[in-house]
1. For region 374-382, check the following and say yes or no: at least one residue is open to solvent by 30 Å² or more (accessible area, probe 1.4 Å), more than 19 Å from Asp445 (Cβ to Cβ) and among the polar types (S, T, N, Q).
2. Do the conditions hold for Leu416, that is, is it of a type in the set (A, V, I, L, M), closer than 28 Å to Leu51 by Cα and either out of contact with any Leu (no Cβ under 8 Å at 6 or more places or on another chain) or open to solvent by 10 Å² or more (accessible area, probe 1.4 Å) (or both)?
3. Given (1) at pLDDT below 95; (2) closer than 22 Å to Gly292 by Cα; (3) open to solvent by 10 Å² or more (accessible area, probe 1.4 Å); (4) in contact with a Ser or Thr (Cβ under 7 Å, 6 or more places away or on another chain), where does Ala52 come up short, assuming only one miss?
4. Looking at Leu240 and the list (1) in contact with a strand residue (DSSP E or B) (Cβ under 9 Å, 6 or more places away or on another chain); (2) at pLDDT 95 or above, which single condition is not satisfied?
5. Show me the strands (runs of 3 or more DSSP E) found entirely inside region 34-146 where at least 1 residues are within 20 Å of Arg279 (Cα to Cα).
6. Could you list all residues from region 397-408 that are open to solvent by 10 Å² or more (accessible area, probe 1.4 Å) and either within 28 Å of Gly29 (Cβ to Cβ) or at pLDDT 95 or above (or both)?
7. Ala442 - would you say it is at pLDDT 75 or above and more than 25 Å from the chain's Cα centre (by Cα)?
8. Just to be sure I understand, how many residues within region 342-368 are part of a strand (DSSP E or B) and over 15 Å from Leu395 (Cβ atoms)?
Amino acid sequence: MTATQQTVIHVVGGGLAGSEAAWQIAKRGVAVVLHEMRPERGTDAHQTDGLAELVCSNSFRSDDALNNAVGLLHEEMRRCNSLIMRSGDAHKLPAGGALAVDRDSFSAAVTAALEAEPLITIERGEVEGLPPAEWDSVILATGPLTSPSLAEAIGRLTGEAQLAFFDAIAPIVYRESIDFSKAWMQSRYDKPGPGGSGKDYVNCPFTKEEYEAFVAALLAGETTDFKDWEKDTPYFEGCLPIEVMAARGIDTLRYGPMKPVGLTDPRTGRQPYAVLQLRQDNALGTLYNLVGFQTKLKYGAQSEIFRMIPGLEAAGFARLGGLHRNTFINAPRLLDGELRLKAQPRLRFAGQITGVEGYVESAAVGILAGRFAAAERLGETQTAPPGTTALGALLGHITGGADAETFQPMNVNFGLFPPLGAGPDGKKIKKRERKPAMARRALADLDGWLGGSEPENRTPGNRQAAE
């Protein structure tokens, strides 16, 4: 690369947000260096040196653009020429109404695309402390596992202590070890999703007695001990360990990740008392992850307790669950509307470190940070997306919409969007029609923001969703 330090943009962190930011910058004709510390320095959660590695679930959650806020965010990102969505769509797995991906081929596709882009240079190695002063445009997308030296430097610069929460990882089992004389394949309500058939999940049914014994074992299981400095760290409510949910009441799990609604046990013709679902984790269909079963149980306890699940008595585990500490900044207090650090505007933040929660939310902020940084480098103005869009709603929340005193990680949801006005007939829009109406408004406003410059990113299905 012949670009100087004063013309190149540096992106620190090769996760989903950093990969997306680098892609967006390069596609605007600006040179970018993407810094990734793996494999020179590992983390507690990553297992490879691939870019955009998925460390927890392999699901991007709902792909329903008209009825689910994260599905709407998927569609908006596609229209923004998202590398993460392009790669996710290319490596999707059957998952009912969700978009799940083969984690290895997804990461490989993102890595290959970034390596092939001539304006992107990938440099392996840790950026210790704050980036050098001569880097006048930097995006910090170091994720929830930011290196201690950088986290401490950010804390000193902002005068704020780092916020943190615990995030748990679900186990993965080999499909061949599942007993299908007890388990069966079915999506909830038989709903097919991207590339799915309506029979995309493995279902393991519980009787009342089996369920209550399982919950009792979870509560008695030995869990990971916290270090003294970790003991005041809260959990993110959207990713609670299974045993923490169990401690909230005997029925918490069967009204949560183990809910049986929309499922029928073919052996009895009835809805079970509770159900564990497993979702395909790789393209070969040899690996399945336990949906919603993040855990901090010790490995020995996991092996024993999870084999109490009907159909998993002889389960072979490709990966057991785990727990890692995530960090994020108080973005509403520290960032401006273009994701720049108020205390040092050459630094932008993107991804989960900003306080968004979820794969696609993190990548979405990477899109915005990349576009803001590229426009600034080119001497152009990049307006923020309208607050009526999923992208704009997320940006607004983390840069001022949230209360800085109580700021916690947030998934995208329709509660972040401004309310609808009256319908065409002047009457209040009915409840069942509000989400589709908000989604259509969002997509129309997003197209206006993009100015029709990226229509090639719409598939026929995406166009239909907007009409």
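1. Start the filter on region 374-382 by keeping residues that are open to solvent by 30 Å² or more (accessible area, probe 1.4 Å), which leaves 376-382.
Going one step further and asking which of them are more than 19 Å from Asp445 (Cβ to Cβ), we end up with 376-380.
Then keep just the ones that are among the polar types (S, T, N, Q); that gives none.
Checking region 374-382: not a single residue is open to solvent by 30 Å² or more (accessible area, probe 1.4 Å), more than 19 Å from Asp445 (Cβ to Cβ) and among the polar types (S, T, N, Q).
2. Values: of a type in the set (A, V, I, L, M): yes; closer than 28 Å to Leu51 by Cα: no; either out of contact with any Leu (no Cβ under 8 Å at 6 or more places or on another chain) or open to solvent by 10 Å² or more (accessible area, probe 1.4 Å) (or both): yes.
No: the conditions fail for Leu416.
3. (3)
4. (2)
5. Numbers: elements: 59-62, 98-101, 120-124, 138-140.
In region 34-146, 59-62, 98-101 are the strands (runs of 3 or more DSSP E) which contain 1 or more residues that are within 20 Å of Arg279 (Cα to Cα).
6. The answer is Thr399, and nothing else.
7. Numbers: at pLDDT 75 or above: yes; more than 25 Å from the chain's Cα centre (by Cα): no.
Criteria not met by Ala442.
8. Taking region 342-368 and keeping what is part of a strand (DSSP E or B), we get 344-349, 356.
After this cut, where a residue has to be over 15 Å from Leu395 (Cβ atoms) as well, the list is 344-347.
Total meeting the criteria: 4.
The values are calculated or read from the model by the stated rules, or taken from the named source; none is laboratory data. What you see is a predicted model; the values in this text were computed from it and never measured. Heads up, the Cβs are rebuilt from the backbone with ideal geometry, glycines too, and the neighbour counts pull from every protein chain shown. Please note that ligands, DNA and RNA were not included when accessible areas were found on the heavy atoms of the full protein model with its side chains. Shrake-Rupley method; radii C 1.70, N 1.55, O 1.52, S 1.80 Å.
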